[in-house]
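Asker: Mind having a look at this structure? Questions to follow.
What follows draws every value from the coordinates through simple rules; no lab data is involved. Given the structure is predicted, the values throughout are model-derived calculations rather than measurements. Cβ sites come from the backbone with ideal geometry, for glycine too, and all protein chains shown count toward neighbours.
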Amino acid sequence: MPLNAKKKARIEAMGGKVTTVEEWLDLTPEEVAVIDMKIRLGEELKACRRKKKLSQERVAKILKTSQGRVSKLEKGQATLDQLARSLLALGGSTKEVARAIAG
C-alpha cells in the first residue's frame, strides 16, 4: 500500500527515511523474483484447494502434514520445490505450476 504524501513528509521531517522492502532488506532482483514466485505458487495452491472445495485440514491429510503447514504453504512460506509438489499432489498440472512461476 503506497504511503500518502502527508505521512511520508512527516516521517522525513522527523529524520526518517521512506524506502522499499527491497531496499530495506537489501534484496537482489533475483531474490525478489524468487519471493514473487513462491507467493504466486502459494496463491495457486489456495485457489486449487478452494476450487476443489477442500478445507486446509483435508489438504493436510492429503499432503501428510498439519493444517498450520498448509496455511504457510498457501502464503508461500516454503521452498519452491515444496510448493510445486504440494500443488501437483492436489491435482494441479505442470502447466499450472509453470504459469504460477512465470507470473
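Here's the yes/no breakdown for (1) surrounded by 15 or more Cβ atoms within 10 Å (Cβ to Cβ); (2) within 19 Å of the chain's Cα centre (by Cα):
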{"position": "Val21", "(1), (2)": "no, yes"}
{"position": "Pro29", "(1), (2)": "no, yes"}
{"position": "Ala33", "(1), (2)": "no, yes"}
{"position": "Asp36", "(1), (2)": "no, yes"}
{"position": "Lys46", "(1), (2)": "yes, yes"}
{"position": "Lys51", "(1), (2)": "no, yes"}
{"position": "Glu57", "(1), (2)": "no, no"}
{"position": "Lys64", "(1), (2)": "no, no"}
{"position": "Gln67", "(1), (2)": "no, yes"}
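Asker: Additional query: Only helices (runs of 4 or more DSSP H) wholly contained in region 21-103 count here; list those with 2 or more residues that are over 29 Å from Leu3 (Cα atoms). Explain how you work it out, then say what you get.
Answerer: Numbers: elements: 21-25, 29-51, 56-63, 67-74, 80-89, 94-102.
Ranges flagged: 29-51, 56-63, 67-74, 80-89, 94-102.
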